[in-house]
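These notes are about the structure you will find just below.
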Amino acid sequence: QVQLVESGGGLVQPGGSLRFSCALSRSIFSFKAMGWYRQAPGKERELVARISNGGSTNYADSVKGRFSISGDNAKNTVYLQMNNLKPEDTAVYYCNAEAYGSARYWGQGTQVTVSS
């Protein structure tokens, strides 16, 4: 069983920054890709950022230039650096691991609230 443990959420003012961590129970290299998703109240879950095993990244248009996804293979940890946060970034954020095949694994979800 794969475990993903998230940390780093919280309350931040507009324009502030947060960094999420997602610690995996096995090597990042064992997955096809890692990603961060978010779900705001009344909305569907959406992809925020994704990094492939080869290091390619892609981002939702709404976060390009503000968010950055990265991985530390030695620590089996994926990060999401979020800068210049806006109220519309308020959501529950989920770490996701895509296995080779159809299996996908999710973190427990972490709340981010951007408010003054």
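The values are calculated or read from the model by the stated rules, or taken from the named source; none is laboratory data. For clarity, every value in this text was computed on a predicted model and none was experimentally measured. Every residue, glycine as well, gets a Cβ built from its backbone with ideal geometry; the counts of neighbours run over all protein chains shown. To get the accessible areas, we keep the full protein, side chains included, count just its heavy atoms, and leave off ligands, DNA and RNA. Shrake-Rupley method; radii C 1.70, N 1.55, O 1.52, S 1.80 Å.
Among the polar types (S, T, N, Q), open to solvent by 20 Å² or more (accessible area, probe 1.4 Å) and either modelled with pLDDT of 95 or more or under 17 Å from Ser7 (Cα atoms) (or both) - does that describe any residue in segment 93-100? No, that holds for no residue. Among residues that are in contact (Cβ under 8 Å) with a residue 40 or more places away in the chain, open to solvent by 80 Å² or more (accessible area, probe 1.4 Å) and in contact with a strand residue (DSSP E or B) (Cβ under 8 Å, 6 or more places away or on another chain), Gln81 is not included. Say whether the condition of being touching a helix residue (DSSP H, G or I) at 6+ places or on another chain (Cβ under 8 Å) and open to solvent by 70 Å² or more (accessible area, probe 1.4 Å) is met by at least one residue in segment 103-110. No, every residue in segment 103-110 fails to be touching a helix residue (DSSP H, G or I) at 6+ places or on another chain (Cβ under 8 Å) and open to solvent by 70 Å² or more (accessible area, probe 1.4 Å). Examine segment 19-40 for a residue that is open to solvent by 30 Å² or more (accessible area, probe 1.4 Å), at positive phi and not in a helix (DSSP H, G or I), and state whether such a residue exists. Among the residues of segment 19-40, not one is open to solvent by 30 Å² or more (accessible area, probe 1.4 Å), at positive phi and not in a helix (DSSP H, G or I), which makes the answer no. Out of all the residues in segment 53-76, is one or more farther than 16 Å from Val5 by Cα, in contact (Cβ under 8 Å) with a residue 60 or more places away in the chain and among the charged types (D, E, K, R)? For segment 53-76, residues farther than 16 Å from Val5 by Cα, in contact (Cβ under 8 Å) with a residue 60 or more places away in the chain and among the charged types (D, E, K, R): absent. Counting the residues of segment 11-26 that are under 14 Å from the mean Cα position of the chain (by Cα) and not hydroxyl-bearing (Ser, Thr, Tyr) gives 6.
The set of residues from segment 73-87 being outside any loop (DSSP other than H, G, I, E, B) and under 10 Å from Arg19 (Cα atoms) comprises Tyr79, Leu80, Gln81, Met82.
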